[in-house]
Each structure stands twice: as structure tokens, then as C-alpha cells.
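Reviewing the structure listed below.
The values are calculated or read from the model by the stated rules, or taken from the named source; none is laboratory data. Worth saying up front: this structure is predicted, and the values here are computed from it rather than measured. Note: ideal-geometry Cβ built from the backbone for every residue, glycine included; neighbour counts use all protein chains shown. Heavy atoms of the whole protein, side chains included, go into the accessibility calculation; ligands, DNA and RNA do not. Shrake-Rupley method; radii C 1.70, N 1.55, O 1.52, S 1.80 Å.
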Amino acid sequence: MEQKQVTIQIRRQRGKTIEATFPVNGGGCEKDDFRADVQEEQQGGCLLGRFSLQLHTEPMCVGCNLEAEHPIRVLLPMPEKPEKITALYLFGDWWTRPAFADSFEEIPDRTQTALFRYPDRCGCFVPMVGRQFKTYLSGGTADALCLDMLAGMGGQSRVEEPLYLYAEGATAAEAVHKAFRWLAKHHNIRTREARRLPELFHYLGWCSWDAFYTEVSEDKLRQKADELSGKHVPVKWMLIDDGWFAAKEKLLDGFHPDKAKFPQGFRPMIDDIRRKNGIRWFGVWHALGGYWDGIAPDSALVPQEAPYLYHAVNGKVIPSPRTGCGFYDDWYQLLNREGIEFVKVDGQSASPHYFENCIPLSEAARGLNRELEHGASRMDNAVINCMGMAMENVLTRPVSAVSRNSDDFFPQKEGCFTEHLLENAYNAIYHNEIYCCDWDMFWTQHPDAVKHSLLRAVSGGPVYFSDRVGKTVPEVLRPLAYTDGRLLMMDRSAKPTEDCIFTDPTKEGILKLQNTAPWGSVKAGGIAAYNLTCTAQTAGFSPAEIDGLEACSRYWVYDFFGRRAAAVERGGTYPVSLDADGFAWFVVLPYGSNGACLGLLEKYAGFSAVESVRTEANVQTIVLHESGTVGWLSERAPKKIHVNARDMTGSLLQRDTLFTLPLPTEAGATVISVSW
């Protein structure tokens, strides 16, 4: 078999450019002024590519080393062209989104993960993050991928870095899983399953951002807390977003709350709200560099935190990627005394801007993430990582569990929902392998409020909203949480079904998102369906498309909004028809000989309220997390129903195969005995 021939283009300082073609694993290419090589090897079921370069310069002469801008490009031939490509690319410095391509030429610049579909398999291609350099995919040629390497600074004469990782599987999900398991091990970070989600994120939250933007204050927070408790909305945490500390322009001027907005600091306010309104946890926002542009050079923080700060050549003062944990630790120690127990850290992909021409971007990002997490151990690592989907951040956070999965929810931007859904759904394909993905806040009083609410229910991550004072609609939130505010959280991020991964849902078809959650001792699941086109669309789904669903021959499919059900074989098809801009939620439960308990009918993932199911003879005993309107799916009516030993058979309602038992919504376990 003929060896692959790679082509490299090297841009050196002072306008000199190198171009060479040589075989992979062929010993490389050496000339008078450079030596370069590309090697491939199998590791852990994946194909790892490595790149090396040595530039030769004359002694005692002005160097002619690598340029800072676009220093290295590698054209890598692929032995087979895929039928379809889905590229997850950085469309700014902070977030990725999908692009759907038919050829290597159509791959967008700054692609961080590319999925390939072949007739008999799928592939996942990940440009690598190394010690100093990172690699992107860009638009290639008819038969070759284009890889661009950069370090955010010039002057290097030697490069020894991983270049790419490629994994294959029967499905795209299998290929992605294989690749990112290898990457987590290589970078010595935890996968999602190994990261501990702090307790507070299991509960409903509220954030000040879209309510007040930077005009947050003690008075406004107290008003909002009073509204939430008055409306019986069981919020258990509040996030005080941008605007709470003293700043000059976009520079941090001090650790303390702004005295004009919080005259007594946070502690008296937090203690009062906890006692009066029952909100348990409070957190604050800040940027990775302190504030957006770092720390004010003339502030008292600079001499106070001197050992922990870095003075960049561009004039920015920021926490040091080598000693910065002291900066975060000092700040968080003060915040702890003020009653603050978690943080949201924004602008995390800003390392190239902070450290340009000072420290290579991969080294800077790795160091600053490490220092942040060392400091955040004081917060029990309760961190919402945000604006940090550049791969040098994704692959270098050691332990924190939560990472934002998309650009912001923009409440007043027309058409925002489609883009918000598109980013979250497709980013989760790879991002969920490492993190519990945060699908951002939303407004409950909004034209798309119910669509957003369903999206948060299937997101498998934190759920919080940001309504202004007086604007919260409790009915939009009730399907998401129990009466104590605990979320009915699904197992992982919702992901597109396999047949949606390589199709642009804004142009045709219906986007189907699949997820699972516990149903007693087994896994049940669901499909959230969204029509993102301007015309009516039809599609179908099979229970087999839900990853991790309990393996059965037959299932119930329950239309949550339509209140109807049908039995479907595992490989059968349930038809879906949605009007333009329509959406639906389908719960999928194992069929069973004695029907299937839907749990709490008014909750999206109400089936997960079923804590246990025990069947003896013709009696089924079900324990629910709390009571409310309960539903069953069955071909035959139950003979008797007892709730906490009380006969409730006369209260049972029937509509075709759906049986409903209205019970008061009350906290505490409910035991239901059904005789068939």
C-alpha cells in the first residue's frame, strides 16, 4: 500500500516560507535550513499523528524562526472521502457550533472536532492541543484535510507536538466516545462520569444577568427573592452576575462588593434571604482575568497580590498561569466570609489575548485553568466554566464539573432559539464526554419559554432562569423540579439521534434529541423533537435510537403534550409530524406485562420520580419521590389502587390507554399499590 504523502507549509520570520512534501512514517524531510516529520501510530484503538520540526539558523545571526501568525500548515491526505461531514468550529473565541459539509474544502476555519460518515462506519477527527501549540482544521482540498498549528507567539525554532487524533466506530457516538476517552487520559483530566457535580446544581437556580445586566444591587436581589418565595417558585440558588464589584472601565479594581450597590457587603443580605426566602446557595460572577481586561494596574490589588500576578507585554495585568492560585484563593476566601459558595468564571478562552507574545497559548491555558481550580477548591470546586469552549480549555480543566455549552440566551434577539438549540444539541456530542453541560439561563415570560423549558429538562445539566422582577411565570418552571426545588435531571446532555448528526435541521427534517433517566432500577428515556424549518415536517424515531435505554422488545411511547400513547417495537418507528416551529416531547418506557407507570404526569421527566417498582403476583407496588398527578399506560384497567394504604380506585380517570390519578402535590415519598 502506498504511503500517505503530507505537504507542509512553514512561515518563517522575515518573509521566508518553506514548503515540502514527504511520506508519513517515512523518515521525514531534511534540507539545509530545516528538518520536519509526521508520524502516525495506533494508541488505545485510535490513530495518533505527531509533528516535529527543527529550523536551522546560522550562529551569531539574527534568527529566522516561526512567524506568530499561521506558522505551520499540514495537508493530510485521507485514504477515503466521507459521505458527510459535521464540523464543530469556533465561530468566535468562546463557542463552537456545527457546520454540515460534503467535502474537506467546506470545513470551516477553526474546526475543533470533525465527524465523518462513511457507508459502513463513522469517524471522529480531533486536531490536538499540545504543550505549546494547538491545531485547528481549516478548509482542505478534494482529498486532504488542512491542519493549522499556532502557539499565539512567534520565535520558536523547534516543535515536537501531537497533531491529530482519529477514532472510528459503528456510530458517530461510538467514535466520539473512543476519541475523547483517549484525550482525557492523555491530558490527565477526568471524564464527565468521574467529575462530581456539586449539590447545588441539582436544584433550580436564578441568575441576575438578563434581569439587571450590570445594574445589579442589593435592593433588586431582595425584591426578586421576595417575588420567588411569594410565587412558591422553589429556587435554591442565586447567581449574582456582572456588575457586583468595583471596576474601572473593564478592569477589576478590588475584591469587595461595590459599596454603592451593596452598602453592607453581601453577608447581611444573604443571611436575610436565606432565613426569609429559603434560598440556600449564593454565587458570584467574574472573568478569568479578574474582569474582562484584567486588573487595574493602579489598583490596590496589584501590590497586594503581586506574587500571583503576571504583567504581559501588552500592558495587561492578570493572574499568573504559574502562581495565580494565590490570587483566586485570596479572593474566594474573602467571598466565603461574605456567604458566597460558588462562582461562574467567564471569558475562559481569553488566554491568547492575555498572553499573546508572552506565553504559548496551550501552556497559558493549561496553567491558568490549573491555578483557577486550585483556588476554587475553597469553593468545593463549584464552578460554572463559561466562554471556554476553545479546546485548550476543554481539555485542561482537571476536576470542575460544569461547563457552558453554547453562546448566550439572548431574550430580545429575534430567532435566537434556533441558534441556541443548534449549538447546544451538536456541541453536546463531544462536550458531554468531559463535562456536565450548562445550556444557559432563559426567561419564563418569553414567546419561546415552553420550548426553552423543555430544552432545559432534557439538557441533563443545571437549570436556571433570569426573569426580571415581577416577570417569573411559575407554570413554566413546575415541569422541571420537585416542590423542594430539586431537578428531575436526566442522565447526561441530550444529543441528536444518529440520523440527525449529519443533517442540517434548519433546512430539512426534524431535530430529535435523545436522553435517559432512571425509572426505578432500569433506564427509561425520551425524545425531544423540534422543527427548525419554516414548513411542516414529518419524521419518525425508534426506541433503539436512545442510547442507554433499557433493552426490551417493546415499549410505550407517550406524547407528553398530546396526552396519547402507542406501543412500539424496539426497532419499530413512531411517526412524528410537526408544524413549522413546532416541538414535542415523547417519553419512552419499557412495555411490561402490568402496564408502565409514567410517574408524575406534569413533569417532563416525571417517570424519573418512580424510585422503585416491585411486582408480586398481580400486585405492583410503586414508590414515588413525591405525590402529584400520576399516570399509567396499560391495555387494561387496574382493579384497585391504594395510595399510602388508602383506596383511591374511584378517583382513577381513563382516556384510551392512559390512566390518570390526580393527587395533591406534596413532598415526601408516596407508596402506590396497583392490583391488576
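For region 603-660, the set of trypsin sites (Lys or Arg not before Pro) satisfying both a DSSP loop assignment and a count of at most 11 other C-beta atoms within 10 Å is given as 636, 639.
Scale the Cα Rg of the chain by the rule-of-thumb value 2.2 N^0.38 Å and send over the ratio, two decimals. Mind dumping the intermediate values first?
Numbers: Rg = 27.1 Å, N = 676, 2.2 N^0.38 = 26.2 Å.
Against the empirical 2.2 N^0.38 Å value, I get 1.04 for the chain.
Arrange the residues 452, 202, 256 by how much accessible surface each exposes, largest first, with a 1.4 angstrom probe.
Details: 452 0, 202 50, 256 110 Å².
Highest to lowest solvent-accessible surface, that is 256, 202, 452.
Segment residue 9..residue 660, full-extension length gain: 227.6 nm, with 0.36 nm per residue of separation and the alpha-carbon distance subtracted.
Taking a point 7 Å from the Cα of residue 35 along the Cα-to-Cβ direction, the residues of region 148-166 with backbone N closer than 14 Å to it are 158-160.
Here region 490-618 has an Rg and Dmax of 14.7, 52 Å, counting Cα atoms alone. As a fraction of the 1.4 Å probe accessible area of the chain, surface on carbon and sulfur atoms comes out at 48 percent. Each residue, residue 118 and residue 553, gets one label point 7 Å from its Cα in the Cβ direction; the gap between the two is 3.6 nm.
First check a/c for region 574-631, with a ≥ b ≥ c the square roots of the eigenvalues of its C-alpha gyration tensor; if it is under 1.5, answer rounded, and if not, answer prolate when a/b is larger than b/c or oblate otherwise. Show your work: numbers first, answer last.
Values: a/c = 3.80, a/b = 1.83, b/c = 2.08.
Verdict is oblate for region 574-631.
Listed values for region 6-13 are Karplus-derived 3J(HN,Hα) couplings in whole Hz (6.51 cos²θ - 1.76 cosθ + 1.60, θ = phi - 60°), namely 9, 10, 10, 10, 10, 9, 9, 4, and x replaces Gly and Pro. For the cross-link pairs 231/259; 523/640; 451/495; 248/413, the ones whose C-alpha atoms lie over 22 Å apart are 231/259; 523/640; 248/413.
Label zone of residue 102 (point 7 Å out along Cα→Cβ, amide N under 19 Å): in region 122-163 this covers 139-145.
Note down the net charge around residue 668, summing +1 for each Lys or Arg and -1 for each Asp or Glu among other residues with Cβ under 14 Å from its Cβ. Each step should come with its number before you reach the end.
Numbers: positive: 486; negative: 484, 611, 626, 666.
For residues surrounding residue 668, the net value is -3.
For the pair residue 109 and residue 20, what calculated FRET efficiency results from E = 1/(1 + (r/R0)^6), where r is the Cβ-Cβ distance and R0 = 22 Å, to the nearest 0.05? Numbers along the way, then the final one.
Details: r = 23 Å, r/R0 = 1.05.
Efficiency for this residue pair is about 0.40.
Considered as an equivalent ellipsoid built on the Cα gyration tensor, region 8-137 has semi-axes of 30, 18, 13 Å, the largest given first.
Each other residue within a Cβ distance under 14 Å of residue 562 adds +1 if Lys or Arg and -1 if Asp or Glu, for a net charge of 0.
With protein chains left intact and a 1.4 Å probe, residues in region 102-145 average 32 Å² of accessible area per residue.
In this structure region 272-424 gives 31 Å² per residue of accessible area when probed at 1.4 Å with all protein chains present. Building the convex hull from the alpha-carbon atoms of region 116-255 and averaging its projection over directions returns 15.5 nm².
Among the GluC sites (Glu not before Pro) found in region 25-86, those both in a DSSP coil and sparsely packed, with 16 or fewer other Cβ atoms within 10 Å of their Cβ, are 69, 80, 83. Of the GluC sites (Glu not before Pro) found in region 375-441, those in coil by DSSP whose Cβ has at most 13 other Cβ atoms within 10 Å are 414. Here r is the Cβ-Cβ distance between residue 636 and residue 275 and R0 is 41 Å; the resulting FRET efficiency, rounded to 0.05, is 0.20.
Sum up the charges of everything whose Cβ sits under 13 Å from the Cβ of residue 515, counting Lys and Arg as +1 and Asp and Glu as -1, but leave residue 515 out.
Details: positive: 456, 492, 495, 512, 523; negative: 491, 545, 547.
Surrounding charge for residue 515 is +2.
Work out how much length residue 197 to residue 58 would gain on full extension: take 0.36 nm times their residue separation and subtract the Cα-Cα distance, in nm to one decimal. Don't jump to the answer; show the numbers that get you there.
Details: separation 139, 0.36 × 139 = 50.04 nm, distance 5.48 nm.
Extra length available between residue 197 and residue 58 comes to 44.6 nm.
Beyond 22 Å, what share of the Cα-Cα pairs of region 390-511 is found? Please give it as a whole percent. Roughly 38 percent, once rounded to a whole number. Per residue, region 579-676 exposes 43 Å² of solvent-accessible protein surface, assessed with a 1.4 angstrom probe and all protein chains in place. Axis of helix 172-187 versus longest Cα principal axis of the chain: the two differ by about 60°, to the nearest ten degrees. Of all DSSP bridge pairs formed entirely within the chain, close to 85 percent run antiparallel.
State whether region 310-421 is rounded, prolate or oblate according to the following rule on the C-alpha gyration tensor (a ≥ b ≥ c being the square roots of its eigenvalues): a/c under 1.5 gives rounded; otherwise a/b larger than b/c gives prolate, and the remaining case gives oblate. It would help to have the intermediate numbers written out before the result.
Numbers: a/c = 1.89, a/b = 1.22, b/c = 1.55.
Because a/c hits 1.5 or more and a/b fails to exceed b/c, region 310-421 counts as oblate.
Multiplying the residue separation of residue 69 and residue 475 by 0.36 nm and removing their Cα-Cα distance gives an extension gain of 140.9 nm.
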